[in-house]
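Let me begin by presenting the structure, written as structure tokens, before commenting on it.
The values are calculated or read from the model by the stated rules, or taken from the named source; none is laboratory data. All figures in this text were calculated on a predicted structure; none of them were measured in a lab. We place every Cβ from the backbone using ideal geometry, glycine too, and count neighbours over all the protein chains shown. These accessible areas exclude ligands, DNA and RNA; they are computed on the full protein's heavy atoms, side chains included. Shrake-Rupley method; radii C 1.70, N 1.55, O 1.52, S 1.80 Å.
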Amino acid sequence: RRSAELARQLHREQAERARREVAEERGRIARELHDVVAHHMSVISVQAGLARFVFDTDRRTARGALDTIGATGKEALDELRRMLMVLRADGDGAPAGPMPGLSRLDEMAERVRAGGVPVALSVEGTPRPVAPGVELCAYRVVQEALTNVLKHAPGASAEVRLRYEPHQVTVSVTDDGEGVISDRVRTDGGHGLLGMRERAKLYGGRICIGPQEQGGFAVRLTLPTSAKAAARGDDATR
């Protein structure tokens, strides 16, 4: 009887562990889908509005907007296809492309510029390879921050700064906040802001999200690039 009870308890613990792992994986997939869809669809929506507005008066601008829509849609499909390939249980042997990283921040900035938001991008320090998860975390946080500028701060300009330091990388996204409605971008809610905090926590990083004293909004993320630094930084979000 004792053995049978121990076996039942072990089965319950294994089932609970499996449920937790499934829930964690679903959360990760939800964050990835949110980041991909929200960013690309925001750019497409802005460009579609621009094309409609100038269609009869400025064909060149309208054509440029349609080109941006096409390129952005293709990139979104590529990222979604890559995610679906990862989710397949057995796969078919087809190679999955690399996940986006820090080297593609300039592409993202150019895409957001095409959406009507002036973006300045600067890189400090010597670029070097970092762990793929750290790169993806930083990329997604910048993506979400710029998406929020597109959606919530019409007329604003943004600045993205990437800094390589000996044991960490730091990225920040700030905007001048003209026309921003603070109630629409709360620091304590929203799937995008929650996703930023969860990503930072996962990689032992520190993130600060909120309005600036001089106006506008800022997101600042620091991610460790060594195991020792990651252990020190665990749970350091605010």
Return yes when VAL160 is aliphatic (A, V, I, L, M) and either open to solvent by 40 Å² or more (accessible area, probe 1.4 Å) or modelled with pLDDT of 50 or more (or both) and no when it is not.
yes
State the number of residues belonging to the range 186-209 that are open to solvent by less than 50 Å² (accessible area, probe 1.4 Å), on the phi < 0 side of the Ramachandran plot and either of a type in the set (Gly, Ala, Ser) or at pLDDT below 90 (or both).
8
Which ones in the range 123-139 are closer than 9 Å to LEU102 by Cβ, open to solvent by 50 Å² or more (accessible area, probe 1.4 Å) and not in a loop (DSSP other than H, G, I, E, B)?
VAL123
If ASP183 satisfies every condition in (1) open to solvent by less than 70 Å² (accessible area, probe 1.4 Å); (2) at pLDDT below 50; (3) acidic (Asp, Glu) but one, which is the exception?
(1)
Test PRO224 against the criterion of being at pLDDT 85 or above, over 17 Å from the mean Cα position of the chain (by Cα), open to solvent by 50 Å² or more (accessible area, probe 1.4 Å) and not charged (D, E, K, R), and give yes or no.
no
Of the residues that make up the range 143-150, is at least one surrounded by fewer than 20 Cβ atoms within 10 Å (Cβ to Cβ), more than 13 Å from the chain's Cα centre (by Cα) and in contact (Cβ under 8 Å) with a residue 40 or more places away in the chain?
no
